[in-house]
1. Average the reciprocal distances over every distinct pair of alpha-carbons in the range 570-690, invert the result, and give the Kirkwood radius in Å.
2. Under a cut-off of 19 Å between alpha-carbon atoms, report the lysines in cross-link reach of Lys378, not counting same-chain residues fewer than 8 places apart.
3. When the Debye formula is applied to the Cα atoms of the chain, each taken as the same point scatterer, what base-10 log of I(q)/I(0) results at q = 0.05, 0.07 Å⁻¹?
4. Return the aspartates and glutamates within reach of Lys243: Cα separation strictly under 13 angstrom, same-chain partners fewer than 8 residues apart disregarded; answer none if there are no such residues.
5. Compute the Rg/Rh shape ratio of the range 3-192: radius of gyration over Kirkwood radius, all on alpha-carbon atoms.
6. I'd like to compare 341-351, 118-128: which one has the highest average count of other Cβ atoms within 10 Å, and what's the full order after that?
7. Below 8 Å, C-alpha to C-alpha, sequence gap of six or more: please give me the relative contact order for the range 3-192 in percent.
8. Using per-residue counts of other Cβ atoms within 10 Å, averaged over each peptide, order 168-181, 679-692, 456-469, 498-511 from highest down.
Amino acid sequence: MSPTTFPTLSRWIQAPPPDGTDRYRAPVLFTDLAVPDGVETAELRICGLGLQHVTIDGVPINDHRLDPPFTHFDHRVLYVTTDVTGLLPAGDHRLSITLGRGFFALPTGNVWHWHRAPWAGPLRAIAELRLVFADGSTRVIGTDETWSATLGRTTYDCYYAGESYDATLPIPDPVPAVRAEPPRGVLQPAGHEPIRVTWRGRPTWERVGNSWVADFGRTIAGWVGLRCDQQRGAQVTITYAEKRESDGTLRPRSVHVEGDRFQTDSYIGDGTRGQYWEPQFSYKGFRYVQLDGLSHDPDPETLTGYAAHNDVPVVGDFSCSEPLFETFTAAMARTIENNLHHIPTDTPVYEKNGWTGDAQLGLITMTDLFDVRRLMIKWLDDLRDAQHPDGWLPVIAPTAGWGYTDLGPSPEWTTVYPHLLRELYRRYGDLGPVRDHWLNLTRYLDWELGKLVDGVAVSRLGDYLQPGTDGVGPDDSGVTASALLIRALRDTAELADLIGATDDQRRFSAAAAQLTAAMNEKFLDRDRGRYEVGPVYSQTSNALPLVLGLVPDDQVLAVVANLVADIEQRDDHLNVGCIGANCVLPALTGHGQGDLALRVARQTSYPSWGFWFANGADTMWEMWETTARSRDHYFHGTVVQWLIEDVAGLRCGDHGWRTCTVRPHPLGDLEHAAYAINTVRGRVAVAWRRDGDRFDLEVEVPDGTTAAILLPGAIEPQAHQVIGPIRTEFSSRLS
């Protein structure tokens, strides 16, 4: 079967609607088949909505979890292909599909309206098993009304509330499956890495009152497996949380999700020894797990923690003489992984949404550490599916209809669309996605330009979560919204040039110039040398134009001086939200204030990245405060981009790493830093070391890559160029 010929003969099927008591019980669809001798290959294509757990003779067909991928199911429905030859020797077999709800039929009320998504409906599946025999003949077995249906022992599953399982429930006698209405979305093959378990670990235990609390020692996204001798009919409640309450217990809650149950599984035992259960249709964000109702004390094998995410390849590695900076990088990598579940999410606990602003801020760090090309191409399609005909994009994608007027327009969020296309080409060198999305991209930017007020952009969000705020800060968001829209227009003009869209290139270049002039006219106080956006000086609204090169030449020194003065008045601390966390340190370093940037980055008092780790963090947090709702949130953690691009000094150029820039900054008393990445062309690496005033740099570039090198020196940087493949060394004197 080619991707365009599925299905060939199968039909969508479902279990007959259950009665009220079994309303949320997981349906199981199955068929028995006799496999003759001579099968050379067996391939199964399947899509079970919302989620599928597929077995042959009780053995999972692959190591995927939470298939099929989440999409806007009215536009696209993704199926998964697996080679099952090894599971089908000659003989009798049973192929079973147990279905969960996911975001297709989420049962719990929530502010994003997932519980009333336009695609919601009965759980259903379509599948085809293709057997190829040694003589070249084939046989296809597909879902239809000859399949049987029953109910499993999962009694409830919800991405937010959790999952329930009753091991005592009898399995009803099977009945014929019935024809199901096909989803409105087009069936397409999944093209990105599946979700897999990537880490397993055991906890330490503490008795807290009548509860047992397990600490896994790290913050993960996934679930636990329970091994127990639970008494028959006795329920154990499994509660997950990233942090403990003051009394040591766990009480996870969300104001955005209805009901008292949140991040909580339950298991009812059957009284046998060595029972084992783990959820199949949900994941949680957690470090701690609380057990209530366990029939016996826990032992070392009672719980196993599983971390699971899209299994994207790790490509980047950073090291430095400053241990705190290595801690930042490891924490950011884990935070990113914990938020890859078929989309780039904001938090694995509270929302699980594809927030566009989070991805916009974290994208470069993601690509510096992981190969996210296939996952992000999938998410580009999610963005397009969420787009209104007039070009309007929501602040989350996919969406069930929320995020257009809710917290929108917000160009700092939705300009991720052009930013993502530009950066994917910069790193992977493929113009295919650009051409594929071109009409939608230009339609989106035309929509944004039509929303300008007095020539500048406006936003509902801006520099989100500044210190001491619970969301939107006191600043006018005109600078952040306009500056990031200018970047989007410039990026799109560059892409237009690459694909030969001359008229669009001219149009978007002119629009960027006009918006730059309007932003500076409205917000730049030339007499004071600063951008004025509110009652309090904004570090973010002054740093962002510096980073993007939007400050008039005659104002740069004054804008830098004011930024430095404000940071120093705050005892070398930031006063920024998620956007400023990404741009202040590069602004300082790029304008001769790298030592101040270093002092800021090394802070361990509030507000700072180090403050989190001084308070027990192992991932990046949503807010600067220890009261942060989410402790697994990457959009404030983009200090790692500065570590890679400025401290180590490697910056991707263009055309799939055809070019790159090496400009290390041996700041303060840093002794060495290194960064290496496996690119589409091969390994690119920089490593520098300082001994007194001697500076040594090693550079490696592959065939097809040209590196422009700026070697720090006593007076001016020394310019060099190397063409790969080459591994070479340079030395200079710093004083």
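Computed from the coordinates by the stated procedures, all read-outs in this text should not be read as laboratory data. Note that the coordinates shown come from a computational prediction; the quantities given were computed from them, not determined experimentally. Counting neighbours? That spans all protein chains shown, and the Cβs are built from the backbone with ideal geometry, glycine included.
1. Every distinct Cα pair counted, the radius reaches 15.4 Å.
2. Within reach: Lys352.
3. Relative scattering, expressed as log10 I(q)/I(0), comes to -0.27, -0.53.
4. Qualifying aspartates and glutamates at Cα under 13 Å: Asp215, Asp618, Asp632.
5. Expressed as Rg/Rh, it is 0.97.
6. 341-351, 118-128
7. Once normalised by length, the contact order is 35 percent.
8. 456-469, 679-692, 498-511, 168-181
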